[in-house]
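First up is the structure itself, then whatever we jot down about it.
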Amino acid sequence: IAYEVRTPLSVIKTNTEVALLGDNVSSEMRETLMSNIEKLDRISEIINNLLSLSALVRPERMEFTTVDLSNVATEVVQKFSQLARRNDQQITLRKSPDCKVWGNNTALTQIVGNLVKNAITYTPRGGHIRVTIEQAPNNQIELIVQDSGIGIVRKDLFRIFEPFYRADPSRTKGAGGSGLGLAIVSELIKTHQGRITIRSAVGRGTTVSVLFPGKHNRAKVGQEADNRDSLNEIAVDFSGRS
Ligand code: ATP
Ligand code: MG
């Protein structure tokens with residue numbers, strides 16, 4: 001059903017974008033159409049998250065190949081650059097060559113996408129978001145998404161990976177979310193034998209780091225896929241650095 005919903009949705013989005021190109025669009029109508037596009041993107045995001053969720057029910061069906069994480073990050077940053085610009089935020093990407101991991105391209109896009117979207121959503125105007133892809137010790141590849149946003153209070157840090165959990169809405173100024181993003185991110189990272197760490201300081205920002213085994217660890221990722229459940233590593237660091 002989710003796949004079927006996606007098709008008409010993208011048709012509506014394209015039609016709306018075409019309508020926006022017209023010469024005789026009043027500024028009022030333009031605003032309405034732009035807002036529609038934003039809402040359509042939001043629906044697509046939710047549907048993509050639901051699709052990931054259903055894929056996670058049968059992770060053995062996820063197709064793994066060698067994926068360059070720098071390419072994934074480039075696409076994601078490109079996709080969100082307009083939103084960041086509209087929010088007056090600066091988004092930068094720093095990537096190193098040869099950052100290949102053994103993984104599922106769609107899932108990796110979903111991981112980076114959800115983290116970057118959070119960084120944008122929970123950072124006020126004028127803030128900055130830094131995305132880094134680099135090699136780490138032991139053949140690992142690291143993804144870092146750093147923001148200068150509102151941060152996460154200690155009591156919430158323990159719970160943000162739970163499905164539907166959202167921090168105090170008064171702090172997030174009613175930014176509408178479903179609370180699924182990080183739950184999916186952490187599950188997808190597990191299927192990749194990765195490890196996620198979040199550091200946050202209230203009012204200063206949040207840094208999310210994800211370590212993936214590099215493509216050389218391919219055999220290991222395959223073998224351990226069976227006892228995935230034993231690996232549920234979510235490290236939370238309260239040192240206050242960000
Ligand atoms: P969804 O991602 O499903 O649209 P969501 O963003 O609310 O909704 P999660 O991505 O799972 O859900 O995040 C859970 C909660 O963690 C958020 O509601 C927010 O309170 C907090 N959070 C996540 N990322 C950040 C961040 N970078 N800075 C501050 N708070 C964050
Ligand atoms: Mg989110």
(request) May I ask you to compute the full-extension gain from S54 to S35, defined as 0.36 nm times their residue separation minus their alpha-carbon distance, rounded to one decimal in nm? (result) 3.9 nm
(request) Compare E45, E187, E60 in a GNM of the chain, Cα atoms joined below 10 Å, and give the one with the largest fluctuation. (result) E60
(request) Determine the per residue accessible area of segment 1-136 with all protein chains present and a 1.4 angstrom probe, expressed in square angstrom. (result) 59 Å²
(message) If I model a spin label as a point 7 Å beyond the Cα along the Cα-Cβ vector, how far apart are those points for V25 and L83 in nm?
(response) 1.9 nm
(message) Given Cβ point charges of +1 (Lys, Arg) and -1 (Asp, Glu) and nothing else, what value in debye, to the nearest 20, does the dipole of segment 27-181 about its Cα centre take?
(response) 380 debye
(request) With label points built 7 Å along Cα→Cβ from the Cα atoms of Y165 and T92, find their separation and express it in nm. (result) 3.3 nm
(message) Restricting to lysines 8 or more places apart or on different chains, can you count the pairs in the chain with Cα atoms under 29 Å from each other?
(response) 29
(request) Scan around A136 for amide H atoms under 5 Å from its own, H built in the peptide plane at 1.01 Å from N, and keep only partners 5 or more places away or cross-chain. (result) I141, E142
(message) Accessible area of the chain with a 1.4 Å probe: how many percent of it is carbon plus sulfur?
(response) 51 percent
(message) Can you classify the chain as rounded, prolate or oblate using the Cα gyration tensor, where a ≥ b ≥ c are the square roots of its eigenvalues, rounded means a/c under 1.5, and otherwise it's prolate if a/b beats b/c and oblate if not?
(response) prolate
(request) Using only alpha carbon pairs under 8 Å that are at least six residues apart, calculate the relative contact order of the chain and give it in whole percent. (result) 17 percent
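The values are calculated or read from the model by the stated rules, or taken from the named source; none is laboratory data. Treat the numbers as computed from the prediction; the structure is a model and nothing was measured. Cβ coordinates were reconstructed from backbone atoms using ideal geometry, including for glycine residues, and neighbour counts include every protein chain displayed. For accessibility, only protein heavy atoms count, side chains too; no ligands or nucleic acids. Shrake-Rupley method; radii C 1.70, N 1.55, O 1.52, S 1.80 Å.
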